[in-house]
Amino acid sequence: MRSFFQKLAKYGHEYGECVMHDIVHDFAQFLTKNECHTLDGIGRNSSSERPRHLTILGGTEEMLIVSQNLFCSLKCVRTLTLSNCWLPKVPAEIGSLIHLRHLDLSWNPFVALPEAICDLYYLETLDITYCEKLSCLPEKIEGLVHLRHLLNAITDELRQIPQGLRMLTSLCSLIRFIARSNSDDLAILKDLNQLEILNVEIEGDVDFGSAELGKKVNIGKMSLFFRFKAHFIETPSCIETMEPPPNLEELVLIGCPGAQLPSWLVTMSRANNLKKLYIEKPCNISSLRALWKLSSLEELELMVVEKLECLGKEFFGLEALPHRILKKISSLKILEIRRCSKLRDHYSDKTGDDWIKISHISRVDISNDSSGMVIHTYFLMYLSSLKSNNCSL
């Protein structure tokens with residue numbers, strides 16, 4: 001055994017799931033027997049009767065009744081995991097767990113969260129990932145003043161973010177934010193200057209200026225998803241006028257409007273730290289701006305960029321530059337091209353002049369399928385957030 005954890009599942013180039021060795025698991029259980037509590041699907045429990053960390057397994061009807069009764073006695077709990085318990089409703093009694101720091105409600109079918117959850121003053125992490133029926137967040141969400149991570153990926157029924165979110169100035173991870181057309185939704189982000197991970201769904205004409213993203217020096221990972229991309233083909237000004245976070249390292253663009261990538265993407269002073277760029281289903285892009293100006297770019301992933309025919313002079317900058325020199329100035333290490341038929345025709349055979357232009361890149365993966373890619377981009381960002389979270393229990 002060389003490590004406490006062993007690699008198990010891979011998402012793209014990153015391992016998103018690991019398995020703990022049996023010996024390590026047994027030892028961890030022994031060390032935490034007075035703090036950790038597990039309740040299985042038939043009502044049996046193990047370990048401490050006054051746990052600091054509680055995990056409920058299973059989702060039978062009996063289990064739901066037991067879990068509601070448990071809340072009255074869990075005054076010391078810091079971590080509560082109710083993932084995949086088939087909860088049709090989150091009990092209001094959960095608001096009495098005043099010492100709770102981490103609450104995992106992911107993979108459950110409830111449609112709303114009780115307002116009582118806003119009484120959890122010390123809550124730092126709220127995980128509602130894959131709560132696909134959830135249609136709204138609590139109106140008094142500003143009560144969660146210590147919340148640092150809102151993990152709300154794959155919550156497609158959630159169509160609006162409450163205004164009270166603007167008060168959560170400790171927020172570091174916001175996995176899914178919805179910006180509606182002609183609304184002031186993005187103004188909610190104005191004072192959230194601790195953000196490190198931000199994913200925004202844009203549903204129409206929006207004002208990025210109100211978000212003041214250029215002042216958010218901590219954002220390292222950002223995703224912009226244009227849901228109704230046809231609306232932007234002629235009017236891409238909203239993204240063009242955006243001032244990006246100055247220390248951005250990873251950027252995801254889905255359904256990007258217009259015929260070109262935003263000009264700020266290749267402005268040295270604005271995107272000089274960018275290491276990873278993922279582009280999927282842009283509206284009308286037929287060429288890439290001079291990405292060679294991104295001196296730190298290490299990974300470029302193109303997904304369903306059908307109108308892009310080749311990585312020509314716009315990509316490399318000076319087409320006449322000898323390839324041996326090009327190799328020295330390029331930081332690109334990984335190039336993935338998926339479901340881009342015209343690009344595949346130019347480069348997949350790994351021969352000819354076109355291939356020479358990219359042959360210096362350490363890893364080039366060209367295919368006509370998406371099996372190796374992450375199915376949902378926000379899920380990838382969610383996995384990344386788990387790596388960057390540094391929460392004390």
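The values are calculated or read from the model by the stated rules, or taken from the named source; none is laboratory data. Just so you know, these numbers come straight off a predicted model, no measurement behind them. When we count neighbours, we look across all protein chains shown, and the Cβ atoms used for this are built from the backbone with ideal geometry, even at glycine.
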| Does Leu123 fit the bill of being closer than 19 Å to Val200 by Cβ and in contact with a Leu (Cβ under 6 Å, 6 or more places away or on another chain)? | no
| task | Go through (1) within 20 Å of Leu224 (Cα to Cα); (2) among the charged types (D, E, K, R); (3) crowded, with 21+ Cβ neighbours inside 10 Å and name the single condition Asp184 misses. | result | (3)
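Yes/no matrix, rows are residues, columns are (1) under 30 Å from Cys238 (Cβ atoms); (2) in a loop (DSSP other than H, G, I, E, B); (3) among the hydroxyl-bearing types (Ser, Thr, Tyr):
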{"residue": "Ile94", "(1), (2), (3)": "no, no, no"}
{"residue": "Leu103", "(1), (2), (3)": "no, no, no"}
{"residue": "Ala116", "(1), (2), (3)": "no, no, no"}
{"residue": "Tyr121", "(1), (2), (3)": "no, yes, yes"}
{"residue": "Pro138", "(1), (2), (3)": "yes, yes, no"}
{"residue": "His146", "(1), (2), (3)": "no, yes, no"}
{"residue": "Ala153", "(1), (2), (3)": "yes, yes, no"}
| message | Looking at segment 132-157, I want the residues that are under 12 Å from Val111 (Cα atoms) and have a partner that is hydroxyl-bearing (Ser, Thr, Tyr) with Cβ atoms under 6 Å, at least 6 apart or on another chain. Which pairs are those? | response | Leu134/Thr155; Glu157/Ser135
| Positions within segment 247-279 being out of contact with any Pro (no Cβ under 9 Å at 6 or more places or on another chain), buried (at least 21 other Cβ atoms within 10 Å of the Cβ) and of a type outside the set (A, V, I, L, M), in sequence order | Tyr278
| field | Flag if Ile154 is modelled with pLDDT of 95 or more and either surrounded by fewer than 22 Cβ atoms within 10 Å (Cβ to Cβ) or touching a strand residue (DSSP E or B) at 6+ places or on another chain (Cβ under 9 Å) (or both) | value | no
| Odd one out for Phe177, checked against (1) in a loop (DSSP other than H, G, I, E, B); (2) at pLDDT 95 or above | (1)
| query | Does Gln194 meet the test of being in contact with a strand residue (DSSP E or B) (Cβ under 9 Å, 6 or more places away or on another chain) and either part of a loop (DSSP other than H, G, I, E, B) or more than 19 Å from Phe110 (Cβ to Cβ) (or both)? | reply | no
| query | If Gln160 passes every condition in (1) modelled with pLDDT under 95; (2) in a helix (DSSP H, G or I); (3) not aromatic (Phe, Trp, Tyr) but one, which one does it miss? | reply | (2)
| remark: Conditions (1) at pLDDT 85 or above; (2) assigned to a loop (DSSP other than H, G, I, E, B); (3) buried (at least 16 other Cβ atoms within 10 Å of the Cβ); (4) in contact with a Lys or Arg (Cβ under 6 Å, 6 or more places away or on another chain) -> Cys283 fails only (1)
